[in-house]
Amino acid sequence: MIGAIAGDIIGSRFEGHPAPPSNFDLFHSDCCFTDDTVCTLAVAEAMLSNQPFELVLRSFVRRYPDAGYGGMFLRWAFDDEAGPYGSWGNGAPMRVSAVGWLARDETEVLRLAARQSAVSHDHPDAIQAAQAVALAIHLLRAGAGLDGVQTRIEKEFGYDLSGPEVLKRRGFDVSATGTVPPALAAAFQSTSLENAIRIAVGIGGDTDTLACLAGAVAEAVHGVPSEVTRETRARLPVDLLQALDRFKAAAGT
Ligand SMILES: [Mg+2]
């Protein structure tokens, strides 16, 4: 899961800017964690503490209200009575990675990915995108190869992950269906975590979320180099590090 956080931090400084040259500095003084990291850790914490997803998401977001959330999500997070609001945004898949690590089998992966999504993002596109990311992580961790997992995700979720179009630069697309296929394609064609994140950042647009998703999936097959772990951890405050360490102990990573 730290692959997702690394991607968020690395991609953060390019969000909304033109894509950088492919040899950009991975970690830079402008890099910081954003909403992707806060929500990813909240979903992990909810699973580990057996608390409702909405409760822990709200508590984490209220601790870090300036991490770059969408306006609708922020309103949801600060209103205890708010229900899901039909969102099809990439907020649901960007926070799902812990499900791919902690759920015990495919049925549980799909169920929990949907449940963590539906507390706010209950549009079928968002739910499906979250399920695709969590299932890819689960299958890769179980040792299924990149090609096999790609084929399965394409078939089951109807995404085209191999055509030349999928990695084409696009505008600032924050939809789940506009974000997950290119991020998955970056992970499926990657040779390392760093490579996956560089491909994802190169797509441009919502670079922290693209890189978060690509990093989340790439970690499951390539692992995370110790230097990336060190640089990532150095950019997290103590309470988020504690949440990360609780997840690490539970997932055995
Ligand atoms: Mg973000």
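Here are some notes:
- Residues of the stretch 5-50 satisfying the condition of being of a type outside the set (S, T, N, Q), in contact with an Asp or Glu (Cβ under 7 Å, 6 or more places away or on another chain), touching a residue at least 40 places away in the same chain (Cβ under 8 Å) and within 14 Å of the ligand (Cβ to nearest atom): D8, G11, E15, F33, D36
- Of all the residues in the stretch 49-77, those that are within 18 Å of the chain's Cα centre (by Cα), within 20 Å of H123 (Cα to Cα) and assigned to a loop (DSSP other than H, G, I, E, B) number 2.
- Candidate set: the stretch 206-232, residues that are more than 17 Å from the chain's Cα centre (by Cα) and in a helix (DSSP H, G or I); chosen: the one surrounded by the most Cβ atoms within 10 Å (Cβ to Cβ): E231
- Exclusive hit being modelled with pLDDT under 95 and either under 19 Å from the mean Cα position of the chain (by Cα) or crowded, with 22+ Cβ neighbours inside 10 Å (or both), set E15, E45: E15
- Verdict on L74 being within 16 Å of the ligand (Cβ to nearest atom) and either of a type in the set (D, E) or surrounded by fewer than 19 Cβ atoms within 10 Å (Cβ to Cβ) (or both): yes
- Subset of the stretch 176-205 (residues that are over 18 Å from L140 (Cα atoms) and either surrounded by fewer than 16 Cβ atoms within 10 Å (Cβ to Cβ) or in contact with a helix residue (DSSP H, G or I) (Cβ under 7 Å, 6 or more places away or on another chain) (or both)): A176, T177, T179, I199, A200, V201, I203
- Identity of the residue in the stretch 51-62, more than 17 Å from A113 (Cα to Cα) and away from the ligand (no atom under 16 Å from the Cβ), that ends up surrounded by the most Cβ atoms within 10 Å (Cβ to Cβ): R58
- V109 being without any contact (Cβ under 8 Å) to a residue 60 or more places away in the chain and closer than 24 Å to L139 by Cβ: yes
The values are calculated or read from the model by the stated rules, or taken from the named source; none is laboratory data. Keep in mind it's a predicted model, so treat the numbers as computed, not measured. Backbone-built Cβ (ideal geometry, glycine too); neighbour counts: all protein chains shown.
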